[in-house]
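Working notes, beginning with the structure itself.
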Amino acid sequence: MDTQQKGTAAPSLLGNRFLQTILLSNVLLQLGIWVRNFAILLYVADRTNNDPYAISLISIAEFAPIFVFSFIGGTFADRWKPKLTMIWCDTLSAVSVFVVLLTIHFGSWQSVYLVAFISAILSQFSQPSGMRLFKQHVPEEQLQQGMALFQSLMAIFMVLGPMIGTFTYSTFGLETSIAVMGVVFLLSALVLFRLPQDKSEPRAVAVKGQFRKEFVEGFRYVWQSQVLRMLGLAFVLAGLAVGVAQALNLFIVTERLGRDKEFLQYLLMVNGVAMLIGGGLVAVFAKRVAPQLLLAIGMLVGAVCTVIVGYSTSVPITLAVQFLNGLVFPCIHIGISTMILKWSHASIVGRVNGVLNPMFVGMMVVSMSFAGVLKDAFSLVSIYTGSGLLFLLGALVMMPIMNQKAPEHAQAGLPVKAEMDMGAG
């Protein structure tokens, strides 16, 4: 954060032109993503007669690019101009959607997987660029509230997204649904032109091995910061816990509650509404609570709720616990995002995000992959108890860093190399 911004009174959060623009862009992107997700899911299910392998390929298309491109995308996001990067990513996503749409129209229905795959690749460059801009244009004291607004937006679409996506596909079909995604991505690119101009940052002349050096620098930065190391461990534990619980939610509905599989939508809806309320509450109280404490509270309550869901055979109790879990879940997301921003220098935010993000997603996918094997070997009560213990361990990991303050050199303009020499936190 530059000194001029610190020396003047910060504008109100919603009066921040940058935040207004990013939120509007994300509304459009979320709309396109949810329409895409449900159009592809329902189309593949219809086309393959609910073939589980074909349906599972959708998740692979969405998550595989995170492993391959997150580190690379984070490094390039720190090298390129962030505003321009985001505009190009949204534009290229839109173009790719229309190209794939043509191939679908002329008979290659399997091309639907490319829509999710290409979009996921480009998001690995766009998302860390957005984090860099967030670091540059949102005052330090408003970072946590800003993250809470993003969480609230995500929660709104968790409630409305499935309904919008299902309605669009059922009413207009696959091709129109995919076209909607292309249009809203183009609109998002246009909206992003409202962002402040990218700052001119002097860079060293590119030499052989420079990219590899900057790539490794991201890992070194995380490793040399105790806070970021502990955050990475919490990512791993949370990913393992979330993956198992998400994969087996359907069996909670059918086996523990004795309801039809369609009842799962009500559990998800209750959870989404609670996340919306929780995000709003965190936005109000964010300034008073350290992000480490937010994360620990979220994981501790998540541990208790996960165990209760595994044991419960009562619909009212399970719904009430799902509501409580959704209420505190924003604490996890907001705590993590705020810690990454506060403990990372602006010039390396992309790489830090690129190192940490795959830890959560990777472990989530691993635990989802083994969920079926665990289900055959153990009872749901045992599995959900184990998942709760992983959340508890994640909360305990936060204890050694609970009182640490964000380093001043991560907030000021100290070069990354000098910051690492001092010890990054």
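The values are calculated or read from the model by the stated rules, or taken from the named source; none is laboratory data. Predicted, not measured: the structure shown is a model, and the values here were computed from it. Note: ideal-geometry Cβ built from the backbone for every residue, glycine included; neighbour counts use all protein chains shown. With ligands, DNA and RNA removed, areas are computed over all heavy atoms of the protein, side chains included. Shrake-Rupley method; radii C 1.70, N 1.55, O 1.52, S 1.80 Å.
So the values come out like this:
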{"quantity": "Net charge dipole size for region 211-333 [Lys, Arg +1 and Asp, Glu -1 on Cβ; Debye, nearest 20]", "calculated": "380 debye"}
{"quantity": "Farthest positive-ward along the chain dipole, Cα basis, beta-carbon charges - from Ala148, Phe38, Ser387", "calculated": "Ala148"}
{"quantity": "1.4 Å probe accessible area per residue over the chain, in Å²", "calculated": "45 Å²"}
{"quantity": "Only Lys, Arg (+1) and Asp, Glu (-1) charged, at Cβ; the chain dipole about Cα centre in debye", "calculated": "840 debye"}
{"quantity": "Exposure ranking of Thr318, Thr254 by accessible area [1.4 Å probe, largest first]", "calculated": "Thr254, Thr318"}
{"quantity": "Cα→Cβ-extended label distance, 7 Å offset, between Leu42 and Lys199, nm", "calculated": "4.6 nm"}
{"quantity": "Highest-fluctuation residue, Pro291, Pro358, Pro407 considered, GNM on the chain with Cα pairs under 10 Å", "calculated": "Pro407"}
{"quantity": "Projected label distance in nm at Leu293 and Ile164, using a 7 Å step from Cα toward the beta-carbon", "calculated": "3.5 nm"}
{"quantity": "Hz values of 3J(HN,Hα) by residue in region 28-44 - Karplus curve (6.51, -1.76, 1.60), Gly and Pro given as x", "calculated": "5, 5, 4, 4, x, 5, 5, 4, 4, 4, 6, 5, 5, 4, 5, 5, 5"}
{"quantity": "The chain: most fluctuating residue of Phe263, Phe360, Phe323 per GNM, C-alpha cutoff 10 Å", "calculated": "Phe263"}
{"quantity": "Under DSSP loop assignment and at most 13 Cβ neighbours within 10 Å, longest trypsin sites (Lys or Arg not before Pro)-free interval of the chain", "calculated": "1-198"}
{"quantity": "Calculated FRET efficiency for the pair Arg220/Asp376, C-beta based, R₀ 30 Å, to 0.05", "calculated": "0.10"}
{"quantity": "Carbon/sulfur fraction of accessible area - the chain, other protein chains in place, 1.4 Å, %", "calculated": "69 percent"}
{"quantity": "Cα-based Lys proximity count in the chain, under 16 Å, for pairs eight or more positions apart or on separate chains", "calculated": "12"}
